[in-house]
Each structure stands twice: as C-alpha cells, then as structure tokens.
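Right, one structure below, let's go through it.
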Amino acid sequence: MRDIFKLLFKEKPTLILLSLLNTNTPQNPSSLAKNISCTFCHVSNTLQSLEKSNLITFIKKGRTKSITLTNDGKQLAECLQNTNNFLKKIKT
C-alpha cells in the first residue's frame, strides 16, 4: 500500500494514468512516453509498477504491446483528474 502511495504522488505516474484515461484507444509505451515527455525506460519501469498494482494491463498483439487501464486504474485516474481540476480551481 505504501509503495503505491509513493508511486502515485509523483508527476510521471499520474501523467501516465491521466493520459491513458483521456485516450479512447490503447497506447503503446513509446507513444505514451512521447505524450508525457518522458524517457521510454522511465515509462517502462513505471508501467511495470502500475501493472503489479493492478492499475493497468498489457495487451499483446504480435510484437506490439498496448496498455489499458483496469477498472481500478480507471477509477483512480478519474479521482486524480478530479483532484487536479480542484487544485486548478483553488490555485486561481
């Protein structure tokens, strides 16, 4: 529990979840890295942690891997998005 808390309250893991939430199609790790301006290696390591926490799942088709949110991942991403929107409101 504590490890996932430490992971999620960092910028890049949050951006990964929000990016997956805001796209209608599964993404691959390289396009996800490009979307959030992060290295492929960092995204790959973070995705492994998110998968271990059952927040994302990998879909393998041939040589390509796509990433989708699990139900728990989607709920968490929605909460993070709501928190982000709230913080933007009180910031201004």
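Here each label is just a point 7 Å from Cα along the line to Cβ, and for K10 and K74 those points are 2.7 nm apart. In this model, which of K12/K52; K52/K89; K34/K89; K65/K88; K12/K74; K10/K60 are farther than 25 Å apart at the alpha-carbon? With Cα atoms farther than 25 Å apart: K52/K89; K34/K89; K65/K88; K10/K60.
When +1 charges are put on Lys and Arg Cβ atoms and -1 charges on Asp and Glu Cβ atoms, the dipole computed for the chain relative to its Cα centre reaches about 180 debye. Remark: the L87-T25 segment gains 19.6 nm on full extension, using 0.36 nm per residue and subtracting the alpha carbon distance.
Throughout, read-outs are computed from the coordinates displayed, never taken from laboratory work. This is a predicted model, so every value here is computed, not measured. Note that we place each Cβ from the backbone using ideal geometry, even for glycine, and neighbour counts take in every protein chain shown.
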